[in-house]
Amino acid sequence: MDRKLAAAYRKVARRTRAAGSNFYYAFLTLPVRKRRSIYAIYAFCREADDIADSPGPLSKKKEDLSELRGRLERAASGSPEDGELAIADTISRFSVNPADLSAVIDGVEMDLEKTRYSTFEELSEYCYRVASAVGLAVLPVLNGGPVDRQVRRKGIDLGIGLQLANIVRDVAEDGGRGRIYLPQEDLSRFGVTEEEVLAGKVSDRMRDLLAFEAKRAREWIGRGTTLVSDLPRHARPLPLFLGRVYMRILARIEASGYDVFSIRHSLSSGEKVYLLVSSYLGRS
């Protein structure tokens with residue numbers, strides 16, 4: 001590996017580590033070559049997300065995302081700039097489909113203007129773009145090359161489930177930004193108003209709504225984690241760990257009576273290490 005490429009991989013590793021994400025813990029179980037490529041994918045997706053969440057005018061954010069899309073296209077075509085050397089090498093080495101990474105940009109662009117979702121079908125398209133597409137880009141790295149349609153389908157399910165769990169956990173945080181990801185059809189079904197969501201009112205109706213969404217998230221995660229058996233043994237701990245982390249977060253939310261307003265439910269570093277080790281050892 002030449003010096004420029006090695007430096008590019010070190011840079012994306014630092015960015016991933018600094019983010020403090022649940023994903024960073026899971027990446028540690030992978031062989032070095034695969035791990036650094038996962039860092040490249042994570043750093044790319046993180047940059048897209050940071051652009052959408054940054055302060056500044058909407059026009060500037062759209063311009064920056066368009067520029068990022070152009071950099072992705074150059075990386076995929078084999079003509080990367082220095083900043084895209086790691087993602088370009090990852091795409092080439094593991095046959096990552098650039099369309100999956102482009103879909104991530106599509107997803108964060110949705111967040112620039114869209115703050116409500118009428119139906120679950122509409123929400124699932126958003127979840128696919130911001131979460132499943134990330135997983136679809138990661139799967140060839142885990143597998144050491146392209147995966148078949150069935151495995152991609154499971155990856156889509158896992159991504160949607162993880163994003164749904166995030167939505168349940170982050171109702172208050174998203175509400176503070178004026179966003180309600182819970183489908184409008186579900187609010188109507190359980191008799192919950194937007195005003196109650198934004199005010200953080202924990203009523204019986206709200207608990208029933210969040211219990212319904214949490215159950216849905218569990219079902220999607222459960223289907224998605226069946227892809228574990230389709231991957232090489234050394235790659236299995238990563239999706240298994242992520243599924244277990246979010247299942248435990250959902251259990252914690254349930255135990256609190258679905259109070260997602262007074263506390264943001266998360267796991268300690270010790271709990272994550274325990275789940276990582278048990279996933280690595282294949283224990284339940």
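The values are calculated or read from the model by the stated rules, or taken from the named source; none is laboratory data. None of these values were measured; they are calculated from a predicted model. Note that each Cβ is placed from the backbone with ideal geometry, even for glycine, and that neighbours are counted across all protein chains shown.
Summary of values
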{"read-out": "Flag for residue 155 being surrounded by 15 or more Cβ atoms within 10 Å (Cβ to Cβ), touching a residue at least 40 places away in the same chain (Cβ under 8 Å), under 15 Å from the mean Cα position of the chain (by Cα) and within 23 Å of residue 95 (Cβ to Cβ)", "value": "yes"}
{"read-out": "Matching residues, the stretch 102-133, being hydrophobic (A, V, I, L, M, F, W, C) and more than 14 Å from the chain's Cα centre (by Cα)", "value": "110, 112, 120, 123"}
{"read-out": "Cβ-Cβ under 7 Å pairs, at least 6 apart or on other chains, the stretch 104-126 side more than 27 Å from residue 56 (Cβ to Cβ), far side among the β-branched types (Val, Ile, Thr) and part of a helix (DSSP H, G or I)", "value": "124/160"}
{"read-out": "Single match in 235, 214 (criterion: under 19 Å from the mean Cα position of the chain (by Cα), surrounded by 15 or more Cβ atoms within 10 Å (Cβ to Cβ) and closer than 18 Å to residue 131 by Cβ)", "value": "214"}
{"read-out": "Out of 174, 186, 204, sole residue that is more than 30 Å from residue 32 (Cα to Cα), free of Cβ contacts under 8 Å to residues at least 12 places away in the same chain and crowded, with 18+ Cβ neighbours inside 10 Å", "value": "174"}
{"read-out": "Residue that is of a type in the set (Gly, Ala, Ser), at pLDDT 95 or above, in a helix (DSSP H, G or I) and touching a Ser or Thr at 6+ places or on another chain (Cβ under 7 Å), where the choices are 155, 135, 161", "value": "155"}
{"read-out": "Helices (runs of 4 or more DSSP H) enclosed by the stretch 177-284 - at least 2 residues per element that are touching a helix residue (DSSP H, G or I) at 6+ places or on another chain (Cβ under 9 Å), modelled with pLDDT of 95 or more and not β-branched (Val, Ile, Thr)", "value": "184-190, 194-199, 204-224, 237-255"}
{"read-out": "Residues that are more than 24 Å from residue 142 (Cα to Cα) and either in the same structural domain as residue 143 (by TED's automatic domain parsing) or surrounded by 14 or more Cβ atoms within 10 Å (Cβ to Cβ) (or both), drawn from the stretch 31-68", "value": "51, 52, 61, 62, 64, 65, 68"}
